[in-house]
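Below you'll find the structure, written out as structure tokens, and then a few comments.
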Amino acid sequence: MQFNLEGNPAKYQINGYTSNSVAVNGQIYTQSVLVMPQHFSLWGLNDITALSQQNLLDLTVLKPEIILLGTGQELVFPAPMITQVLFAQRIGLEVMTTAAACRTYVALTAEGRSVLAALYVSSIFTQCR
């Protein structure tokens, strides 16, 4: 899906997504990424089921007001003991598919919100034979 981003003040824009990629500022990524209005980096999370409290704690240094955790094509809720580190620091967490997180990021950055999209991108490709 492609997005029209006119008027969005974010330096780092999510331009689109597929089932196994995310486009940020026109560049296509097939691995997990972290996107904020003024920050972009690759995220070394290779398996959403391996998400740890430390993974989330590492994100708090970016000081988002809310984290959109995109869990790939399937909705995967982390255990509450993993996410409590965010609540202790008053950082909101919304868990959704990566596609939904991309759409929500665009909407929230258009409002000028300090949002972090932590997007798990599955590197599993299905080949047709």
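The values are calculated or read from the model by the stated rules, or taken from the named source; none is laboratory data. Remember, it's a predicted structure, so these values are computed and weren't measured experimentally. Glycine gets a Cβ as well: all are built from the backbone with ideal geometry, and neighbour counts include every protein chain shown. Calculation scope for accessible area: heavy atoms of the full protein, side chains included, ligands and nucleic acids excluded. Shrake-Rupley method; radii C 1.70, N 1.55, O 1.52, S 1.80 Å.
Considering (1) open to solvent by less than 40 Å² (accessible area, probe 1.4 Å); (2) touching a helix residue (DSSP H, G or I) at 6+ places or on another chain (Cβ under 6 Å), the lone condition that A99 does not fulfil carries the number (2). Limited to the range 38-58, what total is found for residues that are in a helix (DSSP H, G or I) and over 18 Å from L86 (Cβ atoms)? Of the residues in the range 38-58, 1 are in a helix (DSSP H, G or I) and over 18 Å from L86 (Cβ atoms).
Cβ-Cβ contacts under 8 Å between residues 6 or more apart (or on different chains), taken from a first residue in the range 55-84 that is more than 17 Å from V33 (Cα to Cα) to a second residue that is outside any helix (DSSP H, G or I) and open to solvent by 50 Å² or more (accessible area, probe 1.4 Å), are listed as E65/R113. Among the numbered conditions (1) modelled with pLDDT of 95 or more; (2) more than 18 Å from R113 (Cα to Cα); (3) more than 15 Å from the chain's Cα centre (by Cα); (4) loosely packed, with under 12 Cβ neighbours inside 10 Å, the only one that R90 does not meet is (2). Hey, could you check the range 7-37 for residues that are over 12 Å from Y120 (Cβ atoms), aliphatic (A, V, I, L, M) and in a strand (DSSP E or B) and say which is most open to solvent (accessible area, probe 1.4 Å)? Looking at the filtered set, the residue picked out is I28.
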